[in-house]
1. With respect to I276, is the statement that it is open to solvent by less than 70 Å² (accessible area, probe 1.4 Å), in a helix (DSSP H, G or I), touching a helix residue (DSSP H, G or I) at 6+ places or on another chain (Cβ under 6 Å) and within 30 Å of G224 (Cβ to Cβ) true?
2. Can you say whether V447 is out of contact with any Ser or Thr (no Cβ under 8 Å at 6 or more places or on another chain), open to solvent by 10 Å² or more (accessible area, probe 1.4 Å) and either touching a residue at least 12 places away in the same chain (Cβ under 8 Å) or more than 29 Å from K200 (Cβ to Cβ) (or both), as far as the supplied structure shows?
3. Which one of the conditions (1) surrounded by fewer than 17 Cβ atoms within 10 Å (Cβ to Cβ); (2) in contact with a helix residue (DSSP H, G or I) (Cβ under 6 Å, 6 or more places away or on another chain) does G421 fail to meet, given that it meets all the rest?
4. Given (1) within 43 Å of the chain's Cα centre (by Cα); (2) open to solvent by less than 80 Å² (accessible area, probe 1.4 Å), where does D641 come up short, assuming only one miss?
5. Could you tell me which residue of region 808-823 is most open to solvent (accessible area, probe 1.4 Å), considering only residues that are part of a helix (DSSP H, G or I), in contact (Cβ under 8 Å) with a residue 24 or more places away in the chain and not β-branched (V, I, T)?
6. Is it the case, given these coordinates, that P501 is open to solvent by 40 Å² or more (accessible area, probe 1.4 Å), touching a Phe, Trp or Tyr at 6+ places or on another chain (Cβ under 9 Å) and outside any helix (DSSP H, G or I)?
7. Consider only pairs whose beta carbons are under 8 Å apart and that are at least six residues apart or on different chains; among these, list those whose first residue lies in region 461-472 and is under 20 Å from T197 (Cα atoms) and whose second residue is of a type in the set (D, E, K, R).
8. Can you tell me how many residues in region 196-223 are touching a residue at least 24 places away in the same chain (Cβ under 8 Å), surrounded by fewer than 24 Cβ atoms within 10 Å (Cβ to Cβ), part of a helix (DSSP H, G or I) and not acidic (D, E)?
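The values are calculated or read from the model by the stated rules, or taken from the named source; none is laboratory data. All values derive from a computational prediction rather than experimental measurement. Here the Cβ is made from the backbone with ideal geometry for all residues, glycine too, and neighbour counts use every protein chain on show. SASA here: full protein model, heavy atoms, side chains in, ligands and nucleic acids out. Shrake-Rupley method; radii C 1.70, N 1.55, O 1.52, S 1.80 Å.
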Amino acid sequence: MELVFLVLLLVIMAGALASGYPVAFALPGAAILSMLLAAGAGYIFAGDGSAYFASGSAQEWLAAGVLNFRGVYWEVERDTLIAIPLFVFMGIMLQRSKIAEDLLLTMAQLFGPIPGGLGISVVFVGALLAATTGILGATVVAMGLISLPAMLRNNYSSPLATGTIAASGTLGQIIPPSIVLIILADQLSSAVDQAETARKALYKSATGEISMPSEFSVISTSAGDMFLGAMVPGLVLVGLYMLFILVIGLIKPSWAPAVPFGQKMDAKLLGRVLLILVPPLTLIFAVLGSIIAGIATVNQAGAIGAIGATIMAGYRLREGERGAFIPAALAILSLIAIAIITNLYDINVRDIQTDEQMMAVYMAAGSVGVFLFAVAWSLWRTFNIDDTLNGVMLDTAKTTSLVFIILLGAAMLTSAFRAFGGEELVKDFLTSLPGGFWMQFIIVMAVIFVLGFFLDFIEIAVVVVPIVAPILLMDPGANITAVWLGVMIGLNIQTSFLTPPFGFALFYLRGVAPKAVRTIDIYKGVVPFIGLQLLALVIVGNTPWLVNYLPERLRQVSETAPPPTNPALQYCVEEYLTEEFAERGDELRAVIAQARNLPVDLLPRRDAKDLSEAFDLAEKSFPLLDEVNATHSAVVDASVDYRPILVEVRRLERDARKLDVHADELSKTLTRLRSTDPDSPSIPRIEAEIAAEQAERDALLAQIPADWPDTTKTFGELTKAEVNARRAFRRNSDDAFAPINELNEVLAATEDLAALEGDLNAIRADVPTGAPEALVERIEELRSAMRDAEASKATVKGLSDARKALRKDPDPVKAAEKLDDSIAALAEELVWRRAAAQDLAPGLASYSAALSDTIGLRQQTRLPREQALYVAACNSGHRDISLNF
């Protein structure tokens with residue numbers, strides 16, 4: 001019966017939307033009404049309000065919906081949504097201040113003289129507006145009002161002109177900063193948690209292991225990652241648009257003729273172009289660059305964009321008047337001053353020690369004050385001129401409220417969908433499709449494409465994505481990243497907004513196009529651009545590094561980059577080492593051989609032995625890595641025959657588990673009926689159904705090949721051999737280089753240790769007459785300093801024993817004896833350390849430098865840049881890990 005109410009939920013929602021009922025109320029209204037009807041029907045016909053829910057009760061699912069409501073606003077992890085009103089404000093401010101109009105007109109003048117140049121300028125400006133506004137309707141309307149008359153006036157083909165404008169206007173859906181990407185990142189972060197739980201359960205079921213290795217985890221995303229991931233695909237799309245228009249202009253000049261430039265190319269024109277083009281580009285750079293460089297979060301970058309747009313509007317609204325640029329000039333100069341001051345001085349108001357630092361704080365505070373004054377002046381101008389600020393604030397409030405109300409409604413709708421088993425139904429449908437992940441992915445993308453005809457991107461992102469994304473993300477065969485899935489969905493939604501007869505962009509353009517432009521011309525015009533977007537979708541789908549590389553690169557080269565020992569990096573690190581050993585193996589072996597001639601006899605016997613063993617282990621790295629590659633090749637070769645059997649067995653086991661779950665639910669229902677209504681006629685039917693499902697389950701499991709246990713055991717031994725080989729190589733690499741690093745640190749601190757010899761002698765001299773408490777304190781300080789200087793255990797032990805002798809019942813004689821032991825140990829230690837620092841340390845430093853980026857790579861605190869870039873490129877693909885499940 002829950003299926004009936006699931007259908008009822010969808011019918012109520014579709015009916016409300018079709019009747020024009022606001023989306024923000026249609027979504028939660030359909031959810032609440034369907035759950036109340038299900039609860040009422042349960043009480044009436046089954047005597048149990050939860051009878052027609054897949055699990056739980058109406059109260060529990062309504063409460064879950066309320067908790068989802070709270071999650072939108074109060075979960076700290078979802079504070080990215082704060083960026084939405086900031087980016088909306090930035091976009092609307094640029095629209096209302098006519099900066100977008102200036103861009104269109106100026107670029108049209110520059111690109112016009114080349115074939116298709118006017119169309120190329122529309123695409124170029126569309127990309128800039130996408131990077132500054134991200135609002136589909138506003139961009140299409142603005143470009144339609146400004147560019148379409150100019151294109152038609154210059155004899156452009158109506159279909160080409162309208163198609164170019166409509167397609168360029170949708171770029172804001174994918175080119176960052178985009179509200180679509182922010183919302184998708186928010187939804188996908190929750191989907192990743194669900195996918196991770198499902199993948200862990202799958203791993204446990206398949207292997208019997210309690211915990212899943214961290215390198216098999218689902219890779220999450222954030223708004224910043226989404227911005228970085230969408231950047232290259234967005235540029236690819238812009239490039240395809242421009243190339244298409246240029247080709248049309250060359251092949252069919254009558255469709256996209258060159259437009260003669262009617263002005264003289266002089267310094268005045270160049271100055272105007274720079275004035276109009278540079279500020280928006282600077283704003284884009286400031287917003288996206290601050291995110292990429294890790295200077296600002298997405299929320300902070302949104303604030304940068306909002307303030308930058310306000311300052312730009314402040315001078316644009318006073319264009320041609322005296323003093324128009326004063327606020328902007330003050331803001332720029334104050335920012336330059338702040339940058340200079342912060343670079344020259346360490347400004348920390350909690351740690352001001354000199355008058356110079358205090359003066360720097362005053363100067364920085366003054367610069368900040370000037371900047372705030374410039375922002376306030378710009379706000380005052382936008383408030384007084386054409387009521388711009390008031391209009392921007394109202395539109396921002398409306399758009400933001402719409403987004404958040406839909407988020408709230410979608411949270412309740414998702415709760416109801418899950419209450420009636422919709423999520424499991426979708427999961428069962430997708431996982432039962434032949435063709436694996438890619439068939440699931442194509443079906444999901446097709447559904448999103450069709451929904452894009454009727455629903456805005458917000459509804460799609462918050463209703464569909466939470467349901468389907470966990471299913472796609474958990475698949476270990478595809479092992480996709482959340483950022484790649486988000487960008488693909490964003491591109492898909494953008495395509496659906498262009499598709500006749502319902503694409504939103506077409507309606508926006510039809511509303512502002514002159515009557516001479518027929519609707520059929522608009523439809524014809526967007527068809528080739530739809531093809532280009534589908535081509536971009538295919539390109540990005542088959543080359544995931546276009547999406548994943550920039551986020552992964554930032555992750556590996558940032559200050560918070562994971563250490564080289566991070567499990568998720570090891571596969572790529574070993575790929576890098578394989579290439580390096582193949583190319584530089586002889587050179588590295590020569591370095592090791594040369595190191596064996598170093599005067600290790602200068603060291604204490606134990607240290608000399610450790611160093612010699614480290615050289616042996618370094619030499620051993622080469623055959624161990626060969627073993628890693630040999631075992632990996634064996635697994636790859638065996639997987640050709642093993643994979644089809646594995647896929648079939650896992651399918652049978654999955655279907656059997658579904659029957660087990662359903663049989664358990666029937667058993668619970670049967671138990672409840674036997675206790676409440678022993679004579680119920682439903683009891684025999686349920687018993688028969690349980691027996692039938694048990695028989696079906698047994699039949700499914702009987703299809704598993706009889707030799708499956710031996711087959712999986714044999715393959716498991718191969719994978720275990722690979723795992724053991726990798727562990728052995730990693731352990732050997734660590735053991736080969738850890739002693740080298742430790743000895744380098746010891747020798748580098750020799751003079752620091754020597755400087756402490758006087759303090760030790762001074763304490764020894766004061767023992768007979770000094771106060772025990774004061775001596776203990778001095779010994780503790782010296783012991784800590786000696787440990788920092790890598791002193792030997794014998795030297796430190798003498799200090800520890802002396803401190804112990806001076807506590808409780810002070811014994812100055814014994815303390816003096818222990819300090820004498822420490823003095824002797826230190827003198828002996830300084831002899832060999834100075835000799836080694838002079839004769840051994842240079843050669844050891846050369847050895848470390850030569851091997852630190854290969855054999856010693858795991859012992860670095862972070863990956864060097866070259867290796868970090870290699871790992872970023874390696875991790876940008878999607879590696880199939882299904883053989884481990």
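1. On the way: open to solvent by less than 70 Å² (accessible area, probe 1.4 Å): yes; in a helix (DSSP H, G or I): yes; touching a helix residue (DSSP H, G or I) at 6+ places or on another chain (Cβ under 6 Å): yes; within 30 Å of G224 (Cβ to Cβ): yes.
In short, yes.
2. yes
3. Answer for G421: the failing condition is (1).
4. Going through (1) within 43 Å of the chain's Cα centre (by Cα); (2) open to solvent by less than 80 Å² (accessible area, probe 1.4 Å) one by one, D641 breaks only (2).
5. Applying the filter and picking the extreme gives D821.
6. Answer is yes for this residue.
7. I467/E423; I471/K427
8. Looking only at that region, the number is 9.
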